[in-house]
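Inspection log for the structure reproduced underneath, given as structure tokens.
The values are calculated or read from the model by the stated rules, or taken from the named source; none is laboratory data. The model shown is predicted, which means the values in this text are computed figures rather than measured ones. For neighbour counting, all protein chains shown are included, and Cβ atoms are generated from backbone atoms with ideal geometry for every residue, glycine included.
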Amino acid sequence: MSNQMPTLVCEPREQTGTIACRKLRKQDTEVIPAVLFGEGKPSQSLSVPGHEVQNLHNKKKLAGHLFQLHIGKKKQAALVKAIQRHHLSGQIIHIDLQRIDKGHNITTNVPILFLHAEECPAIKEKGQITYTTTEISVTCLPADLPEHVALDLSNLEIDQIIHLSELSMPNGVTLTEEITEDHNPTLVTAHMPKIIEEPVEDESEEESDATETLDTEADTDDEQDSSEKSTD
């Protein structure tokens, strides 16, 4: 298992807590605070290389992925369970790492890879595709964890809906979410785009308005003529 996972060099961190994490980020922008937990062992505070971690995140190879942690002279397989990002800059400010054992199941989210969407009948007929769900929660052994689950859309037609139950799972991988008759989440929907029609004024109303305007002008002229005659 260790030969298949990328490595991530970590350093033990003695100071813990929110304040300590903030100080660490201010003192050294090249590292990111992290915590390692799970497998019935005490949590351990760590620091990880910031530049490397940010690059992995940008390539979508961080959250939900497995790593072989090098903590001093020790090695520990771990799953990136969660990441926290700054609300303005988007930079990673903290990472949660879960210890894993090759004989124990893990549960995590993996992305859905939508294939051949541009080739499907719905798109050829000028339709649109709405992606309601883009990732799913799966349970499996660490060695069976996929990078993604593929969904072929090459036969997707207008007004067709694909549900979670129609997703084919890789060997050894099961959906964490239970599917029932009343609960079967939508993944993809194909539909024609909505056309918003601008309101068209009724020609008869325009003619009526024009007639009223002419009548008003005529009445005004009659009043002026009558006034002039009275003056004479």
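Structure above, values below:
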quantity	calculated
Residue match in the range 129-137 (condition: polar (S, T, N, Q), more than 27 Å from Val173 (Cβ to Cβ) and exposed (fewer than 12 other Cβ atoms within 10 Å of the Cβ))	no
Any hit, the range 79-94, residues being at pLDDT 90 or above, surrounded by 13 or more Cβ atoms within 10 Å (Cβ to Cβ) and farther than 30 Å from Glu177 by Cβ	no
Breaking point among (1) over 21 Å from Leu8 (Cβ atoms); (2) charged (D, E, K, R); (3) in a loop (DSSP other than H, G, I, E, B), for Lys60	(1)
